Amino acid sequence: MSRGARPAGAGAPTAVHVRGPLPHEALFRCGPRLRAPGALGGRAAGGSTGNRGAGYTGEPGFELFPSAVEGLGVWQAILKSGEDLGIRPIGLGARDTLRLEKGYLLSGQDFDGHQTPPEVNSGWLVKWNHDFIGRDVLERQRSRDDYRRLVGIRMEDRGIPRHGHLILLRGADVGQVTSGTMSPSLRVGIALASVNKAASAIETTLDVDIRGTLHPARVVKLPFL
């Protein structure tokens, strides 16, 4: 469970995220008036708390938005209700490793508005059966098939890839890491990387330049878990 807040007045919303195998159980224990997933304006721990379903870590979850006044009470109520379920507080770093293990993209890091859907494995989101602004550009890109791909990379040694590290194929620069971490589950470094087509095939052997030292890695199928 993670918690965040925006510096604002007492009526401004905070954020509490509850994720894992039993989030529904933990939340519904907090009060019978908590609404169903996806509803807004539900109630928890005696206060009004907007909520919505979410699965950004690859497991079921909720995002709650209590006011700054209610936030601490909601946080404490959820921790207490899920104590026997093994609920624990975590930070954004833990949430980031969970989403990366599932191969989920982070806005502003894995894409920033300068990439097309095919370049970030999101071509399946495009409705190709009708006209839309920019369709001709995307069709030409797909036809040329020379664009960069976003791939999963698994380290072959103890190196930990990080955002911005260069990717090399037989000594040539072919891309860079967009997200990288040490996977707590796999106990090995993993990354998403934007690479040239020549370096994108599964099992391709690559090198990651980590602070001037080349570390071996290979392209793997997503998700990592």
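Bear in mind that the values in this text are calculations on the coordinates, not laboratory data. Fair warning: this is a prediction, and the values are worked out from it, not measured in the lab. Note: ideal-geometry Cβ built from the backbone for every residue, glycine included; neighbour counts use all protein chains shown.
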Under 17 Å by backbone N from the virtual spin label 7 Å along Cα-to-Cβ at Leu125, the residues of region 78-102 are 99-100, 102
Region 103-220 -> Rg/Rh from Cα coords, Kirkwood Rh, value 1.01
Computed ³J(HN,Hα) along region 188-200: with the Karplus parameters 6.51/-1.76/1.60, θ = phi - 60°, integer Hz and x for glycine or proline, the list is 8, x, 9, 7, 9, 9, 8, 9, 5, 4, 5, 10, 9
Rounded to the nearest 0.05, FRET efficiency between Leu225 and Phe28 (Cβ-Cβ, R0 22 Å) equals 0.20
With +1 at each Lys and Arg Cβ and -1 at each Asp and Glu Cβ, the charge dipole magnitude of the chain around its Cα centre, to the nearest 20 debye, comes out at 400
With Cα coordinates, the longest principal axis of the chain makes an angle with the long axis of helix 68-81, in degrees rounded to 10, of 90
Residues whose built amide H sits under 5 Å from the amide H of Leu206, excluding neighbours closer than 5 in sequence, are Ala217, Arg218, Val219
Out of Met155, Gly71, His215 - ranked by how far each Cα lies towards the positive end of the dipole of the chain, with unit charges on the beta-carbon of charged residues - the top one is Gly71
With the dipole of the chain defined by +1 on each Lys or Arg Cβ and -1 on each Asp or Glu Cβ, the option from Gly164, Ala201, Ser179 whose Cα lies farthest towards the positive pole is Ser179
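Using a cut-off of 12 Å between beta-carbons, work out the net charge of the residues near Gly171 (Lys and Arg +1, Asp and Glu -1, Gly171 not included). Mind dumping the intermediate values first?
Numbers: positive: Arg170; negative: Asp173, Asp207, Asp209.
Overall, the nearby charge balance is -2.
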Sorting Phe62, Gly82, Val126 by the position of each Cα along the dipole of the chain (Lys, Arg +1; Asp, Glu -1; all at Cβ), the one nearest the positive end of that ordering is Gly82
